[in-house]
1. Among the trypsin sites (Lys or Arg not before Pro) in region 301-367, which ones are in a DSSP loop with at most 15 other Cβ atoms within 10 Å of the Cβ? Mind listing them?
2. Kindly give Rg over Rh for the chain, based on alpha-carbon atoms, with the Kirkwood expression for the hydrodynamic radius.
3. For region 460-538, which trypsin sites (Lys or Arg not before Pro) are in a loop by DSSP, counting at most 13 other Cβ atoms within 10 Å?
4. Given the -39500 (n - 2.57) contribution per DSSP H run of 4+ residues, what per-residue ellipticity at 222 nm results for the chain, rounded to the nearest 500 deg cm²/dmol?
5. Using mean Cβ contacts within 10 Å as the protection proxy, how do 121-130, 181-190, 84-93 order, highest first?
6. Please report the Cα spread of region 380-530 along all three principal axes, rounded to whole Å, starting with the longest.
7. Please go through region 180-272 and write out the GluC sites (Glu not before Pro) that DSSP classes as loop and that have at most 16 other C-beta atoms within 10 Å.
8. Taking N as the number of residues in region 373-441, what is its alpha-carbon radius of gyration divided by 2.2 N^0.38 Å?
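Only the coordinates and a few stated rules stand behind these numbers; no lab work does. Here the structure is a predicted model, which means the values were calculated and not measured. We place every Cβ from the backbone using ideal geometry, glycine too, and count neighbours over all the protein chains shown.
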Amino acid sequence: MNQPRLFFSAISIAVIGVFALISIFMEHQLHAWMRDRISAELLQDAHTINSAIQRITHNYSIETLDPIIDELTHTSIHRVTLIDASGVVLADSKLSISAVKKVENHKNRQELLDATPTSPGIAVRYSNTVQQDMMYLAIPYSYVNKAGFVRVSISLAVLDQYIQHLRKIQLTVAIIAFIVFSFLMYMAVRYLKRLNDVNKENLNQKVLKKTNDLIKIQKFSHILACCQESAELSQVVSKSALSIFPNSSGALYITHPSMDKNEVIATWGEHWYGEDIYSISDCWGLRKSATYTAFDQEQDIFCHHLSQYKHAATICTPLLAHSVTLGALHIIFEKPPSQSVQNLFKTMADHLSLTLSNLNLRESLKLQAIRDPLTNLYNRRYLDETLQNELLKANRHKHSIGILMIDIDHFKKFNDSFGHDAGDHALQLVSSVLNHVVRAEDLACRYGGEEFIIVMPNTDLATLENRAAKLLTQTRELDLVYRKKPLGHITLSIGVAIYPMHGIDAAACISAADSALYLSKSAGRDRYTVSDIPSIAN
């Protein structure tokens with residue numbers, strides 16, 4: 001089943017559901033409206049009877065009233081009953097005089113109890129007299145010294161007949177409306193199907209073209225990612241651009257290190273006659289740092305370096321990375337290109353910007369982040385690289401290297417008690433102590449977590465122990481306060497090792513210092529311990 005039929009079926013089901021809900025609602029409203037209408041008719045008849053009673057001049061009796069009531073209601077389907085104030089039935093339009101005399105007292109009837117001079121009494125119940133369900137409406141009357149009630153009633157069967165008649169009319173109108181609606185929906189679906197087929201075909205063509213363009217751009221991007229130098233980039237652009245944009249000409253320029261001119265490194269197409277070098281100020285796109293198009297000689301201003309192409313359509317797109325101009329990509333069309341072609345050209349320029357940026361970074365980026373962001377000490381990676389260099393220098397100049405392995409005592413408990421933010425604050429304070437104690441040529445690093453390491457080139461054991469003692473003292477004297485809350489004091493455990501006394505390489509020296517650190521912790525913390533591990537060389 002095709003989509004239009006599904007759509008038509010769904011709409012039909014929805015319409016049927018709506019009609020069903022409307023029918024249920026209308027059924028309820030129909031009953032309420034009919035009850036109100038019948039109540040109004042009964043009330044009008046009651047007032048008519050009341051007015052007629054007021055004109056009676058002779059005595060009130062069953063024999064006199066009953067014929068009068070029969071005369072007044074002989075053309076009406078309503079039943080009219082006159083009842084005096086004590087509940088005695090005086091006349092009834094549907095009963096004979098003898099039958100009226102036998103009717104039971106009505107003083108406890110609900111409609112009589114509810115009737116007031118300003119509001120009628122209404123009740124619905126089964127009538128034993130006429131053997132059917134009735135709807136009653138009563139109003140009080142008074143004349144001279146007589147008082148009572150005029151009661152008008154109608155059989156609910158008659159009311160149901162009215163409702164059934166109206167329901168048939170309603171159903172007929174609904175069926176006609178549904179048939180008309182279904183026909184209109186059928187015609188609409190046929191029109192939509194034809195329109196959908198046309199649009200689908202056009203969309204398929206656009207999707208196919210866009211898919212092919214994306215495949216070409218993706219292939220172009222993958223090849224760009226493999227380029228390692230500008231010469232390779234030139235070859236890729238020259239061949240790929242003509243495939244992506246047939247019947248076009250263009251060129252790729254890169255910005256000279258002086259940042260005042262662009263130099264061509266790749267061209268494509270048969271009609272590129274642009275300059276090999278042009279000033280940055282000659283291109284509106286580079287001035288604006290945004291893509292610039294010039295399609296109409298009379299309305300657009302062409303770039304100076306493309307002045308020979310004023311009868312063509314030109315696009316200049318700067319190649320930017322982090323707001324730095326890396327170059328520019330220019331293309332020439334015989335006629336103004338569509339917006340999709342312009343977007344595709346912008347995508348190609350974006351890929352070129354990224355590739356040029358990566359090539360520049362590959363050539364120029366030599367340093368990486370060497371400091372821990374929290375403590376501003378050197379990080380472990382920098383330690384590994386630098387320590388190897390220091391060992392080479394020590395071997396060459398025959399001097400020693402001191403290593404202090406440092407750990408904050410009970411730091412996990414500190415974190416659990418005061419929170420990680422307070423723990424970070426403590427790490428920063430300890431780091432400041434380390435920076436204060438070390439010499440300019442020393443290397444203070446965060447080794448990991450609450451562990452630190454200090455590398456002290458050209459240092460003897462006595463100097464190393466002196467530095468360890470100063471660290472213990474100054475850390476012990478720290479007054480830790482975070483957000484106006486005192487945090488108490490912290491202490492350090494330190495392991496001391498020296499190259500080449502305690503190890504023949506960096507790993508052995510660090511391991512010796514680490515073992516000495518654990519000896520300090522075992523001995524009660526807040527102290528330093530010199531490694532007792534001899535070097536294999538010794």
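1. Lys310, Lys366
2. 1.45
3. Numbers: sites: Arg467, Lys470, Arg476, Arg483, Lys484, Lys521, Arg525, Arg527; in loops: Arg483, Lys484, Arg525.
In loop regions of region 460-538 (DSSP not H, G, I, E or B), the sparsely surrounded trypsin sites (Lys or Arg not before Pro) are Arg483, Lys484.
4. Details: 13 runs with 268 residues, N = 538.
Taken over the chain, the calculation gives -17000 deg cm²/dmol.
5. Numbers: 121-130: 14.6, 181-190: 13.1, 84-93: 18.9.
In descending order of packing, they fall as 84-93, 121-130, 181-190.
6. Largest first, region 380-530 extends 52, 29, 22 Å along its Cα principal axes.
7. Loop-located and lightly packed - Glu229, Glu270.
8. It is 1.42.
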